[in-house]
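To start, the structure under review is shown below, and the notes come after it.
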Amino acid sequence: MNRSIMHIDLDSFFVSVERLIHPELVGKPLLVGGASDRGVVASCSYEAREFGIHSAMPMKMALQLCPEARVVRGDTEQYSKYSNIITDIIQEDVPVYEKPSIDEFYIDLSGMDKFFGCYKMAKELRQKIIKETNLPISFALSTNKTVAKVGTGEAKPNGEKDIPSGTEKNFLAPLSIKKIPMVGDKTYMTLRNMGIQWIRTVQEMPMELMEQVLGQNGMMIWKKANAIDNSPVEAYSERKSISTERTFDHDTIDVKMLKALLVSMIEKLAFQLRSEQKLTACITVKIRYSDFNTYTMQARIPYTSLDHTLMEKVKELFDKLYQKRMLIRLIGVRFSHLVQGSYQYNLFEDSTQQIQLYQAMDKIRKRYGNDTLIQRAVGMDIKHENFNPFNGLRNS
């Protein structure tokens, strides 16, 4: 039986939500992101894209390209609200769905054609979402996730596309290799230097040649170009959390050491978030005193995975929570209300320099191990005291 995989993408999601709340922004070039000179574009309208603006571009450069563009800082609570509304609609109507990001879904409709017709069902679901949210949405239906995702890109803006079984390779062939998922700027330039511009060329190449040039990624790109993708739609589960805590051999009142330990914990958890391409919107700090009484304090924050933002809030919570001035037996940190996402979803205030720094640090950690001494200086004393703040790191 051929699979029927639907891919849904909310068109310029942040922009669309802002225009829903502020109708006066409709039709105007709009940038969502940090308003300062060091800010970055998190999302931009189609009107702004005509000037060459794109996500992750420095805001200063974007405004040079389009001085008349309106800049909105962004409202993560509203974006989460509408994402959850759409998730609830989809959950009611389909058997299995996957939510890889705040504005994107895969739905497995395999076998549903004998009852409704998969494309008809997909069209009706799209119309239901539009009717209940007033947000533009595009989708494509095909036999696997790769072709469906590429198809959605071709259906935009606010469109729909059916790519029947047997037509997948022909559909992909005339498209740019940049359309293949996994092909970033660096890989794109490598392929262009090889004289490869269209997916058709990759389809005609031996897989071994692609593997020789790009390694394992080359083999994966060749398979995607040839519409080979057996990856399943993974059932979505939400409200997961990650946490870590430290029980001391000897109870302590050394606040300087405790805060240094919190910094080390946050660095570890934030790296895990970024490695799994997740963002958190809720922080909990936990303290257990020497009398075994345990207290926690929680705060909601805009979605993020960046150390400095998380550290500021954790330290604030610790200062509010630590009032008894008693010996402490245990401290812990938990990040919850996780969603799938990456740096782009937290670019409202962060500079390109900060993002590049985190990317460089994460690259070193992934290559040499997470215990590498790439960390803030304040955490170095923890190592010298033979503490291991990362024992007990867990997912829940």
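Annotation note: of 180, 266, the sole residue that is in contact with a helix residue (DSSP H, G or I) (Cβ under 8 Å, 6 or more places away or on another chain), of a type outside the set (Ser, Thr, Tyr), within 25 Å of residue 55 (Cα to Cα) and touching a residue at least 12 places away in the same chain (Cβ under 8 Å) is 180.
Taking the criterion of being touching a Cys at 6+ places or on another chain (Cβ under 7 Å), crowded, with 18+ Cβ neighbours inside 10 Å and either closer than 30 Å to residue 108 by Cα or not assigned by TED's automatic domain parsing to the domain that holds residue 115 (or both), would at least one residue in region 74-81 satisfy it? No: zero hits.
Is it fair to say residue 88 is touching a residue at least 12 places away in the same chain (Cβ under 8 Å), out of contact with any Leu (no Cβ under 6 Å at 6 or more places or on another chain) and charged (D, E, K, R)? No; evaluated as a whole, the condition is false for this residue. Among the residues here, residue 374 qualifies as touching a helix residue (DSSP H, G or I) at 6+ places or on another chain (Cβ under 6 Å), over 26 Å from residue 36 (Cβ atoms) and modelled with pLDDT under 60.
For residue 43, the test of being outside any loop (DSSP other than H, G, I, E, B) and buried (at least 23 other Cβ atoms within 10 Å of the Cβ) is passed.
Scanning region 97-153 for residues that are polar (S, T, N, Q) and more than 21 Å from the chain's Cα centre (by Cα), we see that the one that is nearest to residue 225 (Cα to Cα) is 144. Across region 192-212, what is the number of residues that are among the β-branched types (Val, Ile, Thr), assigned to a helix (DSSP H, G or I) and crowded, with 17+ Cβ neighbours inside 10 Å? Counting residues in region 192-212 that are among the β-branched types (Val, Ile, Thr), assigned to a helix (DSSP H, G or I) and crowded, with 17+ Cβ neighbours inside 10 Å gives 2.
Does region 29-38 contain any residue that is of a type outside the set (Asp, Glu), surrounded by 15 or more Cβ atoms within 10 Å (Cβ to Cβ) and assigned to a helix (DSSP H, G or I)? Checking region 29-38: not a single residue is of a type outside the set (Asp, Glu), surrounded by 15 or more Cβ atoms within 10 Å (Cβ to Cβ) and assigned to a helix (DSSP H, G or I). If I go through region 216-269 residue by residue, how many of them are under 30 Å from residue 197 (Cβ atoms) and β-branched (Val, Ile, Thr)? Final tally of qualifying residues: 2. Checked against the criterion of being crowded, with 16+ Cβ neighbours inside 10 Å, over 25 Å from residue 340 (Cα atoms) and more than 20 Å from the chain's Cα centre (by Cα), region 228-239 contains not a single residue that satisfies it. Looking across region 91-102 at every residue that is out of contact with any Leu (no Cβ under 8 Å at 6 or more places or on another chain) and part of a helix (DSSP H, G or I), the one that is surrounded by the most Cβ atoms within 10 Å (Cβ to Cβ) is identified as 91.
Restricting region 74-90 to residues that are part of a helix (DSSP H, G or I) and charged (D, E, K, R), the residue that is farthest from the chain's Cα centre (by Cα) is 88.
From the list 231, 237, the lone residue that is at pLDDT below 90 and polar (S, T, N, Q) is 237. For region 120-132, the set of residues classified as at pLDDT below 95, crowded, with 17+ Cβ neighbours inside 10 Å and either of a type outside the set (A, V, I, L, M) or outside any helix (DSSP H, G or I) (or both) is empty. Residues in region 113-139 that are in contact (Cβ under 8 Å) with a residue 12 or more places away in the chain and of a type in the set (A, V, I, L, M) were compared, and the one that is nearest to residue 153 (Cα to Cα) is 137. Against the test of being under 30 Å from residue 174 (Cβ atoms) and either among the charged types (D, E, K, R) or touching a residue at least 60 places away in the same chain (Cβ under 8 Å) (or both), the options 249, 229, 254 yield a single qualifying residue, 229.
The values are calculated or read from the model by the stated rules, or taken from the named source; none is laboratory data. What you see is a predicted model; the values in this text were computed from it and never measured. Neighbour counts are summed over all protein chains in view; Cβ atoms, including those assigned to glycine, are modelled from backbone coordinates with ideal geometry.
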